[in-house]
Amino acid sequence: MLPSLADADVILERRDEENLVLMRAERFDAVAAGLRIAARSLALLARRQRDLAEELLAEELPWLTWLPPEERVACVRELLADLVAGADTGLLTPFARNLASWRSTAEAWTDPGLARDLQGPFDGDGPVIDKPMSEAA
């Protein structure tokens, strides 16, 4: 065993690939268990006191204030659902992607012209194309 793994995690920096993190299984299990409990607790709070959960997330994610109220509710619900699922399965990539997506959406809302343009209507949907005829064999 690497001596440095006794006290901390080790990051292996790779040139052509994503970096890797080495950690003891006991530490990994502790982090995963803590994340599961925190995610489920936050989701439970959001179901019982949505305003308080939204306030807590807004403090951690200040860009939530840029979203319109109905979008903010959808964002909180989606992020909590992804966080709970990720904490339970150990797969947090969907949560991270959704977090980045919502942040980009919030940033778009800061520009009223861009926000208006992105809501449509959109030109250039193109002509309607008939469904191809199936060929009899």
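The values are calculated or read from the model by the stated rules, or taken from the named source; none is laboratory data. No experiment lies behind these values; they were computed from the predicted model shown. Quick reminder, even Gly has a Cβ in these numbers, built from the backbone with ideal geometry, and neighbours come from all protein chains shown. Quick note on the areas: whole protein, heavy atoms, side chains included, nothing else; ligands and nucleic acids left out. Shrake-Rupley method; radii C 1.70, N 1.55, O 1.52, S 1.80 Å.
Taking the Cα centre of the chain as reference, the dipole from Cβ charges on Lys and Arg (+1) and Asp and Glu (-1) amounts to some 540 debye.
Mind giving me the nanometre distance, one decimal, between the label points for Leu56 and Ser41, set 7 Å out from Cα along Cα→Cβ? Modelled inter-label distance: 0.7 nm. Computed from Cα positions, the angle between helix 93-109 and the longest principal axis of the chain comes to roughly 50 degrees. For Leu91, project a label point 7 Å along Cα to C-beta. Then give me every residue of the stretch 21-64 with its amide nitrogen under 14 Å of that point. Answer for the stretch 21-64: none. Over the chain, the fraction of Cα-Cα pairs per 5 Å bin, rounded to whole percents and listed from the shortest bin up, is 2, 8, 12, 13, 13, 11, 11, 10, 7, 6, 4, 3, 1, 0, 0.
Of all accessible surface on the stretch 10-120 at a 1.4 Å probe, what whole percent is carbon and sulfur?
54 percent
Computed on the chain, with alpha-carbon pairs under 8 angstrom and 6+ residues apart, the relative contact order is 16 percent. Pairing the Cα long axis of helix 25-48 with the longest principal axis of the chain, what angle in degrees results, from 0 to 90 and rounded to the nearest 10? Between the helix axis and the principal axis of the chain, the angle is about 50 degrees.
By the compact-protein rule of thumb, 2.2 N^0.38 Å, the alpha-carbon radius of gyration of the stretch 28-74 corresponds to a ratio of 1.32. Based on protein heavy atoms only, the chain ends up with 78 Å² per residue of surface accessible to a 1.4 Å probe.
For Asp111 and Arg77, the FRET efficiency from 1/(1 + (r/R0)^6), where r spans their Cβ atoms and R0 equals 25 Å, is about 0.50. Shape class for the stretch 28-109, computed from the alpha carbon gyration tensor (a ≥ b ≥ c): oblate, with a/c not under 1.5 and a/b at or below b/c. Temperature 4 °C, viscosity 1.567 mPa s: under these conditions the Stokes-Einstein estimate for the stretch 48-94, based on its Kirkwood radius over C-alpha pairs, is 115 µm² per second.
Each Lys and Arg contributes +1 and each Asp and Glu -1, all at the Cβ; summed about the Cα centre of the stretch 65-114, the dipole is approximately 80 debye. Relative to the longest principal axis of the Cα atoms of the chain, the long axis of helix 50-60 lies at roughly 70 degrees.
With every protein chain in place and a 1.4 angstrom probe, the accessible-area ranking of Thr110, Thr105, largest first, reads Thr110, Thr105. When nucleic acids and ligands are ignored and a 1.4 Å probe is applied, Trp102 ends up with an accessible area of around 20 Å².
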